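Here's the structure, in structure tokens; my notes come after.
Only the coordinates and a few stated rules stand behind these numbers; no lab work does. Bear in mind the structure is a predicted one, so any value in this text is a computation, not a measurement. Cβ placement follows ideal geometry from the backbone for every residue including glycine, while neighbour counts extend to all protein chains displayed.
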Amino acid sequence: MIKMGLIESSVDLSIEWFGREKSYVRGLKSGGREPSATVLARCAAKLRMTARRLERSKRPEAAALLPKITRLADLCTAHLFRIENIRLPSKVEELATGKPNDPFAARKANITAQQKQLTLKKKQIAAQQAQQKNNAAQAALSKARSKP
């Protein structure tokens with residue numbers, strides 16, 4: 001968020017985005033704790049509001065920031081659902097994990113991986129056959145040269 005220019009420090013994140021005291025983020029880091037569900041919900045909502053404002057903006061920088069902010073909002077939502085043990089909507093989980101959660105998309109990805117493996121196997125077989133032909137040709141040439 002600092003790189004995107006949304007905040008200047010962890011104090012800004014604690015106060016403006018999380019609605020907590022200025023040392024909240026520092027306390028999370030030092031204690032190895034997770035943010036609360038309230039903080040995650042608030043941050044996700046603020047990120048989504050920011051994304052909506054950027055969608056209406058005509059500035060080119062806004063278009064560049066939009067996918068990053070949307071992804072952050074999705075990550076907050078996914079983490080919130082995880083800590084609350086709520087089943088994630090498939091699209092949010094897919095965005096958060098980078099893996100398709102849709103059974104059809106997962107099946108398609110599996111088939112694509114199998115097709116790649118088959119293509120590799122075909123190439124290996126073709127290379128082996130070419131090597132065998134080359135060996136046979138070398139043997140025939142050698143035999144032809146050795147005849148008086």
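The table below lists the values:
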| read-out | value |
| --- | --- |
| Zero-based 5 Å bins, Cα pair distances in the chain, whole percents | 2, 8, 10, 13, 12, 9, 7, 6, 5, 4, 4, 4, 3, 3, 3, 2, 2, 1, 0, 0 |
| Within-13-Å neighbourhood charge of A127 [Cβ basis; K, R +1; D, E -1] | +4 |
| Label point distance in nm, I125-K3, each placed 7 Å from Cα along Cα→Cβ | 4.5 |
| Kyte-Doolittle mean at least 0.5, axial Cα span of 20 Å or more - DSSP H helices of the chain | 60-83 |
| Stretchable slack from T38 to L118, in nm (0.36 nm times residue separation minus alpha-carbon distance) | 23.9 nm |
| Helix-only CD estimate at 222 nm, as mean residue ellipticity for the chain, using -39500 (n - 2.57) per DSSP H run (n ≥ 4) | -24500 deg cm²/dmol |
| Euclidean distance of C-alpha centroids, region 3-25 and region 26-75, integer Å | 11 |
| Sites E55 and E84, calculated FRET efficiency, Cβ-Cβ separation with R0 30 Å, nearest 0.05 | 0.60 |
| Local electrostatic count, A63, Cβ distance below 13 Å [Lys/Arg +1, Asp/Glu -1] | +3 |
| Local electrostatic count, K116, Cβ distance below 12 Å [Lys/Arg +1, Asp/Glu -1] | +3 |
| Dipole in debye (nearest 20) - the chain, about Cα centre, beta carbon charges: Lys, Arg +1; Asp, Glu -1 | 1040 |
